[in-house]
Amino acid sequence: MEEIAAVALIILVSSIIYLANSNRKKRQRTVQKEVKPPNRRDNFRFRINIKNTLMEVIKIGNLDVNEYIYCEVVDVSAGGVGILSEYDFPLREKVYVKINFYLDNEEFMLNGRIVRKTENIKKRAVLYGIQFVDLSTYDENRLLKIIFAMENQRRKIAIK
């Protein structure tokens, strides 16, 4: 009789532990579904086409380059720019650049480092992501102000 009671008690405790664990796992799955993956971008990206943009390649690894090339700016944010270029830079080495472009008739000359590279076969060019380096608060605020003004203007035109 005692053995049956002990077995019944073990089955009862095991059932309670099993149900508690399965309920906890259900709650965890629900929470995981509600959590969206984080946006890798910290800044709003404004799509634009600025052809014949002058970019100075300052340094590749330890080698001082100081050569000017033309590229096309395809997007801009407070964190960096996306450019198309015919040049194929090696990303095994850090590539530092200074990019000169105009947004809404304001000139920007900003230092950056190439952090991403994607081949664009249609345009026979390479798409680079350039992260701004040592961006002053003044330039960042000026850039944000112009980007948001241009985006607001674009939205007004799209609504009409």
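The values are calculated or read from the model by the stated rules, or taken from the named source; none is laboratory data. Remember, it's a predicted structure, so these values are computed and weren't measured experimentally. With ideal geometry, Cβ positions are generated from the backbone for all residues, glycine too; neighbour counts draw on all protein chains shown. What goes into the accessible areas is simple: the full protein's heavy atoms, side chains included, and nothing from ligands, DNA or RNA. Shrake-Rupley method; radii C 1.70, N 1.55, O 1.52, S 1.80 Å.
If you check N49 against the conditions, is it free of Cβ contacts under 8 Å to residues at least 24 places away in the same chain, in a strand (DSSP E or B) and surrounded by fewer than 18 Cβ atoms within 10 Å (Cβ to Cβ)? Lay out the reasoning, then the answer.
Working: free of Cβ contacts under 8 Å to residues at least 24 places away in the same chain: no; in a strand (DSSP E or B): yes; surrounded by fewer than 18 Cβ atoms within 10 Å (Cβ to Cβ): yes.
When the stated conditions are applied, N49 does not pass them.
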Restricting attention to the stretch 99-144, the residues that are touching an Asp or Glu at 6+ places or on another chain (Cβ under 8 Å) and open to solvent by 70 Å² or more (accessible area, probe 1.4 Å) number exactly 1
What number goes with the only condition from (1) at positive phi; (2) touching a residue at least 40 places away in the same chain (Cβ under 8 Å); (3) not charged (D, E, K, R) that N105 does not pass?
-> (2)
Residues in the stretch 69-100 that are touching a Leu at 6+ places or on another chain (Cβ under 6 Å) and of a type in the set (S, T, Y) total 0
Filter result for the condition that a residue is in contact with a Gly (Cβ under 7 Å, 6 or more places away or on another chain) and at pLDDT below 95, over E93, E106 | E93
Evaluate the following for Y70: is it open to solvent by 100 Å² or more (accessible area, probe 1.4 Å), of a type in the set (S, T, Y), modelled with pLDDT of 70 or more and within 25 Å of Y96 (Cβ to Cβ)?
-> yes
